[in-house]
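I have a structure here, written as structure tokens, and I will follow up with some questions on it.
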Amino acid sequence: MKTCEWAGAPMERRSHPWTDAEGRPDFRYYDLTAEPEHIRTSLEDLRSFQKYPAVEAFYALLERLNHPESALESNDCAFDGPDKNEDASVKKAMQCSGRLMVLFRSLAKNTDPMRVDALKNQLHLDLAAADPSFRWGVIGTTVVPVRYLALPESGEQQLGSQLMISFWAWGDSEADTMVNLGRVFKNLSRALRLASARPA
């Protein structure tokens, strides 16, 4: 499937763990590795779309990603849509989009730029090989600077990064868009399973 990579200005540094979202105190950080039950109860953006199988596919993806045997974990996610498609280059009436923040479970690995870049590059390779005929979804990556608060404070040992995985899906209707989103999640889930299984 199609992938892309952010090539704009660097993003602002985030913290891990974070506390709440700016302007949205009801949005807060949950450690889904320690409290996996929050996967199905705390993701506010998905609640009104739970009738679609794509949402269940996303929950299953998060459960695998945050499983004790996974080398990766998630930090944050968001979802918008489906809504009117504003991208004239895509000939579909509706679109949805979102993001998933992914990091190495072993926090010190996230301070090695080569490891984070290798994860990003391998995701692109695995996704490009998956589902090559699929036209109505895209996955993008952005390396985001992060301060890891649980690491030692001396020097710059807390400074690292994580991978923001953005996703888009398009369709002729809300239901069609969500079917295509489910296909995006199927491909992303497979790529993340492969990434977790590789030695880092």
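Among Ser161, Ser166, which is buried (at least 23 other Cβ atoms within 10 Å of the Cβ) and assigned to a strand (DSSP E or B)?
Result of the check over Ser161, Ser166: Ser161.
Please find, among Ser48, Ser42, the residue that is farther than 14 Å from Leu100 by Cα, surrounded by 13 or more Cβ atoms within 10 Å (Cβ to Cβ) and either at pLDDT below 65 or not hydrophobic (A, V, I, L, M, F, W, C) (or both).
Ser42
Residues that are assigned to a loop (DSSP other than H, G, I, E, B), touching a Ser or Thr at 6+ places or on another chain (Cβ under 8 Å) and more than 19 Å from Val143 (Cβ to Cβ): does the range 90-97 have at least one? Give the steps one after another, and end with the answer.
At the first step, the residues of the range 90-97 found to be assigned to a loop (DSSP other than H, G, I, E, B) are 90-93.
Those still in the list that are touching a Ser or Thr at 6+ places or on another chain (Cβ under 8 Å) too: 92-93.
So of that shortlist, the ones also more than 19 Å from Val143 (Cβ to Cβ) come out as 92-93.
Looking for residues that are assigned to a loop (DSSP other than H, G, I, E, B), touching a Ser or Thr at 6+ places or on another chain (Cβ under 8 Å) and more than 19 Å from Val143 (Cβ to Cβ), one finds at least one in the range 90-97, hence yes.
Matching residues to (1) touching a Lys or Arg at 6+ places or on another chain (Cβ under 9 Å); (2) without any contact (Cβ under 8 Å) to a residue 12 or more places away in the chain:
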residue: Ser106; (1), (2): no, no
residue: Asn121; (1), (2): no, yes
residue: Ser166; (1), (2): yes, no
residue: Leu181; (1), (2): no, no
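Looking at the range 40-70 only, could you name the residues that are under 21 Å from Val179 (Cα atoms) and of a type in the set (A, V, I, L, M)?
Result: Leu43, Leu46, Ala54, Val55, Ala57, Ala60, Leu61, Leu62.
Residues in the range 68-89 that are surrounded by fewer than 16 Cβ atoms within 10 Å (Cβ to Cβ) and assigned to a loop (DSSP other than H, G, I, E, B): how many?
Keep residues of the range 68-89 that are surrounded by fewer than 16 Cβ atoms within 10 Å (Cβ to Cβ), which gives 68-69, 80, 83-84, 86-89.
Imposing the further condition that a residue be assigned to a loop (DSSP other than H, G, I, E, B) reduces the set to 68-69, 86-89.
So the count comes out to 6.
Test Ala175 against the criterion of being in contact (Cβ under 8 Å) with a residue 24 or more places away in the chain, within 16 Å of Leu62 (Cβ to Cβ) and of a type outside the set (S, T, N, Q), and give yes or no.
no
Scanning for something in contact (Cβ under 8 Å) with a residue 60 or more places away in the chain and of a type in the set (D, E, K, R), does the range 138-157 turn up at least one residue?
Yes - at least one qualifying residue is present in the range 138-157.
Something else: Quick one: is Ser133 more than 26 Å from Glu35 (Cα to Cα) and small (Gly, Ala, Ser)? Let's see the steps before the verdict.
Values: more than 26 Å from Glu35 (Cα to Cα): yes; small (Gly, Ala, Ser): yes.
It is true that Ser133 is more than 26 Å from Glu35 (Cα to Cα) and small (Gly, Ala, Ser).
Then there is this: Against the condition in a helix (DSSP H, G or I), buried (at least 17 other Cβ atoms within 10 Å of the Cβ) and out of contact with any strand residue (DSSP E or B) (no Cβ under 9 Å at 6 or more places or on another chain), how does Asp176 come out, does it pass?
For Asp176, the condition - in a helix (DSSP H, G or I), buried (at least 17 other Cβ atoms within 10 Å of the Cβ) and out of contact with any strand residue (DSSP E or B) (no Cβ under 9 Å at 6 or more places or on another chain) - is not met.
Do the conditions hold for Thr141, that is, is it in a helix (DSSP H, G or I) and either surrounded by fewer than 17 Cβ atoms within 10 Å (Cβ to Cβ) or β-branched (Val, Ile, Thr) (or both)? Let's see the steps before the verdict.
Numbers: in a helix (DSSP H, G or I): no; either surrounded by fewer than 17 Cβ atoms within 10 Å (Cβ to Cβ) or β-branched (Val, Ile, Thr) (or both): yes.
So Thr141 does not fit the description; no.
The values are calculated or read from the model by the stated rules, or taken from the named source; none is laboratory data. Owing to the predicted nature of the structure, the values given are computational and were not obtained by experimental measurement. Backbone-built Cβ (ideal geometry, glycine too); neighbour counts: all protein chains shown.
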